[in-house]
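Data block below; observations after.
Bear in mind these aren't lab numbers, they're just calculated from the coordinates by the rules spelled out. For clarity, every value in this text was computed on a predicted model and none was experimentally measured. Positions of Cβ are backbone-derived with ideal geometry, glycine not excepted, and every protein chain shown enters the neighbour counts.
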Amino acid sequence: PNCRGPEKVVRLDRWLAGVGLERPGVELWAYGDSAGDTELLAAADHPTVCTRPRRSSRSRVDGGPSA
């Protein structure tokens, strides 16, 4: 199931423990695209914020409505 905020770090730590690792012992790369990723990005050694493409207000692929 999807999770947000601090729960992402909790689940990461749980998964790492399940494979015999701890966060200080791994190099963590994290990618986030919303405020729900803030805690995970803060825990990462290499955080990357990804932006979502804006939707165009144009209704047609060929450049919008005809003039």
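Collect the residues in segment 8-36 that are under 17 Å from Pro47 (Cα atoms) and acidic (Asp, Glu), keeping them in residue-number order. Residues satisfying the conditions are Asp13, Glu27, Asp33.
When you scan segment 1-22, how many residues do you find that are in a helix (DSSP H, G or I), among the charged types (D, E, K, R) and surrounded by fewer than 12 Cβ atoms within 10 Å (Cβ to Cβ)?
So the count comes out to 1.
For first residues located in segment 24-42 and in contact (Cβ under 8 Å) with a residue 12 or more places away in the chain and closer than 13 Å to Lys8 by Cα, partners that are buried (at least 17 other Cβ atoms within 10 Å of the Cβ) and of a type in the set (Val, Ile, Thr) and lie 6+ apart or on another chain with Cβ distances below 6 Å form the pairs Glu39/Val9; Leu40/Val9.
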